[in-house]
1. Could you tell me which trypsin sites (Lys or Arg not before Pro) in the stretch 1-41 are loop residues by DSSP with no more than 13 other beta carbons within 10 angstrom of their beta carbon?
2. When the Karplus curve 6.51 cos²θ - 1.76 cosθ + 1.60 is applied with θ = phi - 60°, which whole-Hz ³J(HN,Hα) does each residue of the stretch 59-74 get, with x for Gly and Pro?
3. Less than 11 Å Cβ to Cβ from Glu37, Lys/Arg counted +1 and Asp/Glu -1: what total charge do the surrounding residues give?
4. In terms of modelled amide H atoms, which long-range or inter-chain residues lie less than 5 Å from the amide H of Val59?
5. What distance in nm lies between label points placed 7 Å from Cα along the C-beta direction at Thr52 and Lys16?
Amino acid sequence: MSEEEKEKLIKKEIRKLKKINKNVPENKKIYVNRLIEQCAFMYVTLDELQKTINETGAVELFVNGAQKMLREHPACKIYNQMIKNYSSSIKQLIEISPEIKESDELMSFLNKHKE
């Protein structure tokens, strides 16, 4: 994916997230906007990493001199770290957003697993 394509996708995701969070109180907007930008970047990057993993597989043959071994593909390691950060950031957005109510299916799921 080219940088231009990636930027377009990030901007598209930013618009979606801003639309959902449009009624955030003014005193929280600057933080929410920063969080939205990071979430959008992670979303697009996670999608890109997922495509790489699907194409190349979760493991790769690693050669170090005469040694040959299978190891976790580097994209998997990055994906696993980033998905945790993305999930945490999205959860923060959900908690801040006045648009999302307790009856929301995602909020119910998150609350069940809070404890």
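Read-outs: derived from the displayed coordinates by stated rules, not from any lab. Note that this is a predicted model, so its numbers are computed, not measured. Here Cβ is always computed from backbone atoms with ideal geometry, including for glycine, and neighbour counts include all displayed protein chains.
1. Lys22
2. Once θ is set to phi - 60°, the couplings for the stretch 59-74 become 10, 9, 7, 10, 10, 10, x, 8, 7, 10, 8, 8, 9, 4, 5, x Hz.
3. Values: positive: Lys11, Lys18, Arg34; negative: Glu13.
Net charge around Glu37: +2.
4. His73
5. Result: 2.1 nm between the two label points.
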